[in-house]
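Written below as structure tokens is the structure these notes are about.
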Amino acid sequence: MDITPKQVLDLAAKYIGYKEKASNKDLYSFDGNAGKGNYTLFQEELAKAGFWNNNKQGYEWCTSFVAWCFWRLCGNVEAKRILCLTGDYGASCTAWASYYKAQARLFTKPRVGDQYFQRGSDGKPCHTGIVESVSGNTFTTIEGNAGNMVKRVNRKLDSTVYGFGRPYYSEQEE
């Protein structure tokens, strides 16, 4: 199945304002049970679908938000192919960036629809989101687990950027 960056970004934008939950309660409410427990509807649905190698509820969820957007559009197998998720499908930013790198799809300059990876203090990828727009040396992302919610974030191309994974979108998007 072919999907486009616009489809992914339209879906991601619908969840801007969704807040992380304190527990496994009110997962489908945007505001209910808000807290810092790392419980989300995104991780719940991916767990039920068997997307990751184990349930990620209670863990950092930026990668699950990105994966969920693609999964909702095209299912487990196709989402994993498009997102370069080969191997045991670990949910860490470090593992995911390495999957892109192994397929020569990790870049230093962003394109709309790319998966952004933030560099942590140890130099490894530590956070992720989806590039919504690019203008010169700035770009905007939609991210899960940004301040314990889904939100739009304005960023600069600087030393905090680890790289940009380029999903396998439809041919007309290449």
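The set of residues in the stretch 54-79 that are more than 10 Å from the chain's Cα centre (by Cα) and closer than 19 Å to residue 164 by Cβ contains only 79.
Taking the stretch 7-29 as the range and being open to solvent by 40 Å² or more (accessible area, probe 1.4 Å), closer than 21 Å to residue 154 by Cβ and over 15 Å from the mean Cα position of the chain (by Cα) as the test, only 19 passes.
Of the residues 122, 114, 88, which single one is at pLDDT 95 or above and either open to solvent by less than 20 Å² (accessible area, probe 1.4 Å) or closer than 20 Å to residue 48 by Cα (or both)? Spell out the reasoning first.
Values: 122 fails: either open to solvent by less than 20 Å² (accessible area, probe 1.4 Å) or closer than 20 Å to residue 48 by Cα (or both); 88 fails: at pLDDT 95 or above.
Only one candidate qualifies: 114.
On the basis of being touching a residue at least 60 places away in the same chain (Cβ under 8 Å) and of a type in the set (Asp, Glu), does residue 78 make the cut? Answer is yes for this residue. For the stretch 125-174, taking the residues that are touching a residue at least 60 places away in the same chain (Cβ under 8 Å), farther than 15 Å from residue 110 by Cα and among the small types (Gly, Ala, Ser), the one that is surrounded by the fewest Cβ atoms within 10 Å (Cβ to Cβ) is identified as 170. Within the stretch 69-85, the set of residues being within 14 Å of residue 168 (Cα to Cα) and open to solvent by 10 Å² or more (accessible area, probe 1.4 Å) comprises 71, 73, 74, 77, 78, 80, 81. Looking at residue 107, is it surrounded by 20 or more Cβ atoms within 10 Å (Cβ to Cβ), modelled with pLDDT of 95 or more and of a type outside the set (Asp, Glu)? Answer is no for this residue.
The values are calculated or read from the model by the stated rules, or taken from the named source; none is laboratory data. Just so we're clear, the structure is a prediction, and the values are computed from it rather than from any experiment. Positions of Cβ are generated from backbone atoms using ideal geometry, with glycine treated the same way; all protein chains shown enter the neighbour counts. Side chains are part of the model used for accessible areas, which takes the heavy atoms of the whole protein and leaves out ligands, DNA and RNA. Shrake-Rupley method; radii C 1.70, N 1.55, O 1.52, S 1.80 Å.
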